[in-house]
Amino acid sequence: MVRVLLAVLILISSSFSALNDNDENVWTILSQVKWKEYFDEDLGFQVSEPIFSEGIKSLNGKEVELKGYVMPVEVDGDYFVLSSLPYSSCFFCGGAGPETVMEVDIKRNKKWINKLVTVKGKLHLNYDDFYSLIYQLEEAKVVSVED
């Protein structure tokens, strides 16, 4: 019984440390979103509403750290778009979905475009603003930029 309890505790602690230390786990969890499609009478067009998994919901409001590529998109305001994939494969250019990108609330630096950056901030899930991305990183800080 003690061995089983010890094994469970080790498994749980390694899962939490992997989530904090390995950005791929965050992107993997974020990829678990499903979509509900319907026609919105007010907007006058078909929309896709995100249905977030329990794993995604558990990250809402929590600080996460992850790596991604800064996309070369023109946006108004102090934020940039981070993609889990390089530009040639990203949501805007390749076959990936909207779950592979997020808005990062931080002043943009054009030197970061197409660079692999590590960012840290509080994850916010966007349930209903169809004009913004479904994932937003608030109070963000750039941890590192790789050349």
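The values are calculated or read from the model by the stated rules, or taken from the named source; none is laboratory data. As the structure is a prediction and not an experimental result, all values here were calculated from the model. A quick note on method: Cβ atoms are made from the backbone with ideal geometry, for glycine too, and the neighbour counts reach across all protein chains shown.
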### Query
Of the residues 4, 75, which is of a type in the set (A, V, I, L, M), modelled with pLDDT under 90 and not in a helix (DSSP H, G or I)?
75
### Message
Could you go through the stretch 55-65 and let me know if any residue there is at pLDDT below 90, in contact with a Leu (Cβ under 8 Å, 6 or more places away or on another chain), of a type in the set (Val, Ile, Thr) and within 16 Å of residue 121 (Cβ to Cβ).
### Response
no
### Query
Going through the stretch 103-116 one residue at a time, which ones are loosely packed, with under 15 Cβ neighbours inside 10 Å and assigned to a loop (DSSP other than H, G, I, E, B)?
107, 109, 114, 115
### Subset of the stretch 117-147 (residues that are exposed (fewer than 15 other Cβ atoms within 10 Å of the Cβ) and hydrophobic (A, V, I, L, M, F, W, C))
130, 143, 145
### Task
Scan the stretch 48-59 and report the pairs whose first residue is in a helix (DSSP H, G or I) and whose second residue is at pLDDT 95 or above and small (Gly, Ala, Ser), with Cβ atoms within less than 6 Å and a gap of 6+ or a chain change.
none
### Condition met for residue 78 (within 23 Å of residue 111 (Cα to Cα) and either free of Cβ contacts under 8 Å to residues at least 60 places away in the same chain or not basic (Lys, Arg) (or both))
yes
### Query
So, in the stretch 95-114, of the ones that are modelled with pLDDT of 75 or more and in contact with a helix residue (DSSP H, G or I) (Cβ under 9 Å, 6 or more places away or on another chain), which residue ends up farthest from residue 28 (Cα to Cα)?
113
### Query
Out of 80, 92, which single residue is at pLDDT below 85, surrounded by 10 or more Cβ atoms within 10 Å (Cβ to Cβ) and among the aromatic types (Phe, Trp, Tyr)?
92
### Task
Select from the stretch 27-49 the residues that are over 27 Å from residue 119 (Cα atoms) and in contact with a strand residue (DSSP E or B) (Cβ under 9 Å, 6 or more places away or on another chain) and list them in ascending order.
36, 37, 38, 39, 40, 45, 46, 47, 48
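Name every residue in the stretch 119-145 that is within 17 Å of residue 85 (Cβ to Cβ) and in contact with a helix residue (DSSP H, G or I) (Cβ under 7 Å, 6 or more places away or on another chain), in order of residue number.
Within the stretch 119-145, 133, 134, 135 qualify.
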